[in-house]
Amino acid sequence: MALKPAQKALGPIRRSFAPWLDPAAVPLIRFENVTKRFGDFTAVDDVSINIHQKEFFALLGPSGCGKTTLMRMLAGFEAPTSGRITLAGKDLAGVPPYRRPVNMMFQSYALFPHMTVAQNIGFGLRQESYAKSEIEARVTEMLRLVKLEGFGSRKPHQLSGGQRQRVALARSLAKKPKVLLLDEPLGALDKKLREETQFELMDLQQDLGLTFLIVTHDQEEAMTVADRIAVMNHGKLVQVATPGDIYEQPNCRYVADFIGDINILEAKVASVQGGAARLAVQDPTAEISVAVSEAAPASGADVAFAVRPEKMRIALEPPPEGAANVLKGEVWDIAYFGDWTKFLVKLDGSEKIVRVSRANMARTEAAPISWDDKVHVWFAPDAGVLLTG
Amino acid sequence: MRKGLSSVNLVALTFGFAFLYLPIVLLVIYSFNASQLVTVWGGFSTRWYVSLFHNEQLLEAAWVTVRVGILSATVATVLGTLAAVTLVRMGRFPGRTLFSGMVYAPLVMPEVITGLSMLLLFVAIGLDRGFFTLALAHITFSMCFVAVVVQSRLISFDQSLEEAALDLGCPPFKTFIVITLPIILPAIVSGWMLAFTLSIDDLVISQFTTGPGATTLPMRIYSSVRLGVKPEINAVCTILIAIVTTGVIIASIATKRAENERAKAERAAAAGR
């Protein structure tokens, strides 16, 4: 296993990595129509996912959406009610957790309180027939990997939350599992440490060449670390795609709404011509033109047009001649984030509020947009997506 | 708001403690009485403690008590721990409510009834009463106390610890031995202490289930008091009180320490965030 160098001039560049696009690629993990019921409650409902080797895959959804249950079925703590899970072509049914080549990092870290850090990390190795010197060498290596040299003889309660998280990570990596499962691994860390650790996780996954499966409810975390994200809701798989596609091409209202901030305008399709459609927005009454793919809905269909705040422009003066989709309104509220400012604009002739964000590229402005200002809001035809589901 | 003892509280506290402990304090004081007469103070002396150690009958009874106590506490701890693990870890199984009810029934069962029913059982199956039946009876009634103590610890036990061990390749039984057992050990130890303490001061159930040659200390004391209280008895009782008190204190310190450890770990976790 390659060790992470202590100092790196540049982080590893994420090369174009998309085995899921290759029809000949054989996935490492397959969930095939997996369903899990607890009594009357269906925790996981007919989920099929393929996860490829060396992929960093995220299961994302609100709490209770079944993502943790899905992961626990892979670890062997729950058995599917129906369906099949295979790992490297082998059906995992009936294989107990202690015989599966996957290791898990628990949300609570689950460090053994009566053992030292070194004993915790070496625990998995001691279950196999490794020589003592081999185990020691490996524990030292893992301690270095997570930058905890010199902490080997401490007990878990003598560590900070961030250090415990590292011990838990080291322990789950010590056996070189085929797949590392991470159950909300960074939930207990504060924001700064979490961001730092996210990048470290990505580096680690790249350097070790392992397959990571992370469960999280934090969409930013999923977007940061994962190659692909599976969005789940009520036990069902809603969309599986790269972070970029999830954000820019949500396949339904749920995904659009769950990931990031978005404005949704209810509309009827007025006409479709080539790659463009005219939409009759209902509230406020307006007509907008949007770009559509070939699989566009027919005229008269009820649709929703979803556009992200940062893809809309806002200005006091009217937009340049020829700008499409101009709406007028009044600034209702302003949220200043430092790097961005988000304007909540109440559209004229409606109670509808749209969110428009703008990067603060200059430190001061001659005529800043302020509360109650009359503003123009506009967006390009290809700024948003048409949602039918 | 003033947080201290008001005069009302102080009076209540004094009376409460007096009510509870005055008889015991009197007994301890009179165990150092030089006089033959139990109720007349004749100066300080340890002569009754000395004569106690020459009283073969009492020493014999004390030895029986200790042996029964150790044997029954040990077996009760094993059985009580198993019962607790079953109740907490097995989840729902048919008859679980009945099982948990039956485990705890001896807690509230009148001792006379427990004793009598055991006696009937031993007679019915033709078991000769003596040391063995005494130990069996003690195991029966102290097991549930162990189960209660261990169960409360198991409930607060993070189950993901066991899952983590399984996940790292440790089979279930070994996981129980190397992970679960060390963590719940303080509760098991205090369960043992509790069972031992209960065993050495039991009188009612012992009366029903004992036989010739297996007279425990409380039984010996009771029977000699019927023939008139000798100051020697005071000395025995004082020693008994000392042992029981030590046992209870050790048990509660062990529990407290385990709790503190846990609280400390939790605080450290919170601080490290």
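Filter the stretch A:116-134 down to the residues that are more than 9 Å from chain B (Cβ to nearest Cβ) and either touching an Asp or Glu at 6+ places or on another chain (Cβ under 9 Å) or in a loop (DSSP other than H, G, I, E, B) (or both) and list them by number.
Answer for the stretch A:116-134, where residues must be more than 9 Å from chain B (Cβ to nearest Cβ) and either touching an Asp or Glu at 6+ places or on another chain (Cβ under 9 Å) or in a loop (DSSP other than H, G, I, E, B) (or both): A:116, A:118, A:122, A:129, A:130, A:131.
Which condition from (1) surrounded by 14 or more Cβ atoms within 10 Å (Cβ to Cβ); (2) more than 23 Å from residue B:72 (Cα to Cα) is the one that residue B:156 breaks?
Unmet condition: (1).
Say whether the condition of being within 28 Å of residue B:251 (Cβ to Cβ) and of a type outside the set (Gly, Ala, Ser) is met by at least one residue in the stretch B:39-48.
Within the stretch B:39-48 (the criterion being within 28 Å of residue B:251 (Cβ to Cβ) and of a type outside the set (Gly, Ala, Ser)), the answer is no, since none of the residues qualifies.
Kindly check whether there is at least one residue in the stretch B:54-71 that is more than 30 Å from residue B:189 (Cβ to Cβ) and in a loop (DSSP other than H, G, I, E, B).
The answer is yes, given that some residue of the stretch B:54-71 is more than 30 Å from residue B:189 (Cβ to Cβ) and in a loop (DSSP other than H, G, I, E, B).
List pairs: first residue in the stretch A:301-321 and assigned by TED's automatic domain parsing to the domain that holds residue A:380 and part of a loop (DSSP other than H, G, I, E, B), second residue surrounded by 16 or more Cβ atoms within 10 Å (Cβ to Cβ) and among the aromatic types (Phe, Trp, Tyr) anywhere in the structure, Cβ distance under 8 angstrom, at least six positions apart or on different chains.
A:308/A:247; A:312/A:378; A:312/A:379; A:319/A:378
Of the conditions (1) within 13 Å of another protein chain (Cβ to nearest Cβ); (2) in contact with a Gly (Cβ under 9 Å, 6 or more places away or on another chain); (3) assigned to a helix (DSSP H, G or I), residue A:103 fails just one. Which one is it?
(3)
With the condition being not assigned by TED's automatic domain parsing to the domain that holds residue A:188, I'd like the strands (runs of 3 or more DSSP E) fully within the stretch A:201-286 carrying at least 2 qualifying residues.
Hits in the stretch A:201-286: A:263-273, A:276-281.
Is there a residue in the stretch B:2-24 that is at pLDDT 85 or above, under 30 Å from residue B:191 (Cβ atoms) and in contact with a helix residue (DSSP H, G or I) (Cβ under 7 Å, 6 or more places away or on another chain)?
Yes - at least one qualifying residue is present in the stretch B:2-24.
Looking at A:186, A:213, which one is within 14 Å of chain B (Cβ to nearest Cβ) and at pLDDT 90 or above?
Working: A:186 fails: at pLDDT 90 or above.
The conditions single out A:213.
Which residue out of A:117, A:146 is closer than 20 Å to residue A:207 by Cβ and assigned by TED's automatic domain parsing to the domain that holds residue A:85?
A:146
Which condition number in (1) free of Cβ contacts under 8 Å to residues at least 12 places away in the same chain; (2) out of contact with any strand residue (DSSP E or B) (no Cβ under 8 Å at 6 or more places or on another chain); (3) surrounded by fewer than 16 Cβ atoms within 10 Å (Cβ to Cβ) is the one that residue A:119 fails?
Result: residue A:119 fails condition (3) only.
Return only the number of the condition from (1) farther than 30 Å from residue B:175 by Cα; (2) at pLDDT 90 or above; (3) crowded, with 16+ Cβ neighbours inside 10 Å that residue B:76 does not satisfy.
(1)
With the structure loaded, tell me whether residue B:141 is surrounded by fewer than 17 Cβ atoms within 10 Å (Cβ to Cβ) and hydrophobic (A, V, I, L, M, F, W, C) or whether it fails that test.
no
Within the stretch A:148-169, track down each residue that is more than 9 Å from every other protein chain (Cβ to nearest Cβ) and assigned to a loop (DSSP other than H, G, I, E, B).
Answer for the stretch A:148-169, where residues must be more than 9 Å from every other protein chain (Cβ to nearest Cβ) and assigned to a loop (DSSP other than H, G, I, E, B): A:148, A:149, A:150, A:151, A:152, A:153, A:154.
Scan the stretch A:332-364 for residues that are crowded, with 16+ Cβ neighbours inside 10 Å and in contact (Cβ under 8 Å) with a residue 40 or more places away in the chain and jot them down.
A:342, A:347, A:350, A:352, A:354, A:355, A:356, A:357, A:358
Exactly one condition in (1) within 9 Å of another protein chain (Cβ to nearest Cβ); (2) surrounded by fewer than 17 Cβ atoms within 10 Å (Cβ to Cβ) is not met by residue A:141; state its number.
Residue A:141 satisfies every listed condition except (1).
Output the residue which, of all residues in the stretch A:144-173 that are of a type in the set (Ser, Thr, Tyr) and within 18 Å of residue A:106 (Cβ to Cβ), is surrounded by the fewest Cβ atoms within 10 Å (Cβ to Cβ).
Only one residue tops the list, namely A:160.
Mind checking which residues of the stretch A:295-318 are farther than 19 Å from residue A:250 by Cβ and surrounded by fewer than 20 Cβ atoms within 10 Å (Cβ to Cβ)?
Residues satisfying the conditions are A:298, A:299, A:300, A:313, A:315, A:316, A:317, A:318.
Pairs only if they're at least six apart or on different chains, beta carbon under 8 angstrom, first in the stretch A:176-204 and at negative phi, second assigned to a loop (DSSP other than H, G, I, E, B) and of a type in the set (Asp, Glu); list them, first residue then second.
Between residues of the stretch A:176-204 that are at negative phi and residues that are assigned to a loop (DSSP other than H, G, I, E, B) and of a type in the set (Asp, Glu), the close pairs are A:186/A:218; A:187/A:218.
Determine which member of the set B:97, B:114 is assigned by TED's automatic domain parsing to the domain that holds residue B:147, free of Cβ contacts under 8 Å to residues at least 40 places away in the same chain and of a type in the set (Val, Ile, Thr). Talk me through it step by step, then tell me what you get.
Values: B:114 fails: free of Cβ contacts under 8 Å to residues at least 40 places away in the same chain.
Among B:97, B:114, only B:97 is assigned by TED's automatic domain parsing to the domain that holds residue B:147, free of Cβ contacts under 8 Å to residues at least 40 places away in the same chain and of a type in the set (Val, Ile, Thr).
Would you check if residue B:259 is among the charged types (D, E, K, R) and within 14 Å of another protein chain (Cβ to nearest Cβ)?
Judged against the criteria, residue B:259 is a match.
Looking only at the stretch A:67-96, count how many residues are within 14 Å of chain B (Cβ to nearest Cβ) and either of a type in the set (Asp, Glu) or on the phi > 0 side of the Ramachandran plot (or both).
2
With respect to residue A:367, is the statement that it is in a loop (DSSP other than H, G, I, E, B) and buried (at least 16 other Cβ atoms within 10 Å of the Cβ) true?
No.
Here are some conditions: (1) closer than 23 Å to residue A:18 by Cα; (2) at pLDDT below 95. Residue A:63 meets all but one. Which one does it not meet?
(1)
Taking the stretch A:44-60 as the region of interest, how many residues are of a type in the set (A, V, I, L, M, F, W, C) and farther than 13 Å from residue A:228 by Cβ? Write out each step before concluding.
First, pick out the residues of the stretch A:44-60 that are of a type in the set (A, V, I, L, M, F, W, C): A:44, A:47, A:49, A:51, A:56-60.
Add one more test, that the residue is farther than 13 Å from residue A:228 by Cβ, and what stays is A:44, A:47.
Count: 2.
The values are calculated or read from the model by the stated rules, or taken from the named source; none is laboratory data. What you see is a predicted model, and the numbers here were worked out from it, not measured in a lab. So basically every Cβ, Gly included, is an ideal-geometry build from the backbone, and we count neighbours across all protein chains shown.
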